[in-house]
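The values are calculated or read from the model by the stated rules, or taken from the named source; none is laboratory data. This structure is a prediction, so every number in the text was calculated from the model and none was measured. Cβ coordinates were reconstructed from backbone atoms using ideal geometry, including for glycine residues, and neighbour counts include every protein chain displayed.
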Ligand SMILES: C[S@@+](CC[C@H](N)C(=O)[O-])C[C@H]1O[C@@H](n2cnc3c(N)ncnc32)[C@H](O)[C@@H]1O
């Protein structure tokens with residue numbers, strides 16, 4: 001398997017999208033549930049040599065694709081981390097400027113979401129950003145059989161972990177659904193045909 005670029009993403013909207021989300025040069029970024037790294041590579045381009053992007057996933061094959069692309073293109077500021085799906089994060093307190101959780105939470109139980117959000121609140125610096133894209137969450141039963149929940153419920157859960165809702169960015173996130181009907185021929189997908197989703201940004205309050 002190889003990484004197939006999306007026309008208009010790697011060569012166009014990727015970097016400005018990550019900038020709009022809040023990534024800045026020198027930032028330390030965590031992408032939790034990064035899959036093949038659609039957001040990792042433009043984030044790495046924005047943070048530059050003085051920054052770093054940690055890319056966590058539990059799918060070995062997906063992370064191998066990310067690692068191969070990172071090696072081929074000689075990215076030195078990306079750290080891929082294969083996990084077993086644990087929600088505890090092996091980072092010190094207050095070390096991250098921005099954490100991405102995009103299209104990941106729909107498979108998690110409420111308890112797991114709470115654990116992850118508490119961990120993210122712990123590793124974020126004061127003022128640091130949690131950026132989420134909440135695909136599928138209303139429609140899907142998760143792996144534990146819990147029913148889906150609304151965006152408002154998810155926002156309330158995230159705030160209960162100590163992160164304050166900041167703003168929404170409509171049609172900013174890209175839903176890189178891996179098995180959608182618009183992926184008939186890998187390598188020929190254009191950004192134009194992919195769904196655009198609202199991004200919800202939160203920040204860590206002082207004193208947490
Ligand atoms: C639908 S993909 C989204 C990928 C990426 N965030 C994007 O938007 O392109 C969800 C990814 O989250 C990962 N994931 C889900 N739960 C996880 C966990 N507990 N630990 C690590 N990765 C997880 C899955 O393995 C999968 O690669």
Given (1) in contact with a helix residue (DSSP H, G or I) (Cβ under 9 Å, 6 or more places away or on another chain); (2) within 16 Å of the ligand (Cβ to nearest atom); (3) at pLDDT 90 or above, identify the lone condition not met by residue 171.
(1)
Kindly establish whether residue 35 is in contact with a helix residue (DSSP H, G or I) (Cβ under 6 Å, 6 or more places away or on another chain) and near the ligand (Cβ under 10 Å from one of its atoms).
yes
Is there a residue in the stretch 67-81 that is near the ligand (Cβ under 10 Å from one of its atoms), within 16 Å of residue 31 (Cβ to Cβ) and in contact with a helix residue (DSSP H, G or I) (Cβ under 6 Å, 6 or more places away or on another chain)?
no
Among the numbered criteria (1) touching a helix residue (DSSP H, G or I) at 6+ places or on another chain (Cβ under 6 Å); (2) within 16 Å of the ligand (Cβ to nearest atom), which one does residue 27 miss?
(2)
Does residue 177 satisfy being more than 11 Å from the ligand (Cβ to nearest atom), over 24 Å from residue 89 (Cβ atoms), at pLDDT below 95 and surrounded by 13 or more Cβ atoms within 10 Å (Cβ to Cβ)?
no
List the strands (runs of 3 or more DSSP E) inside the stretch 1-110, counting only whole elements, that have at least 3 residues being touching a strand residue (DSSP E or B) at 6+ places or on another chain (Cβ under 9 Å) and touching a residue at least 60 places away in the same chain (Cβ under 8 Å).
28-32, 96-102
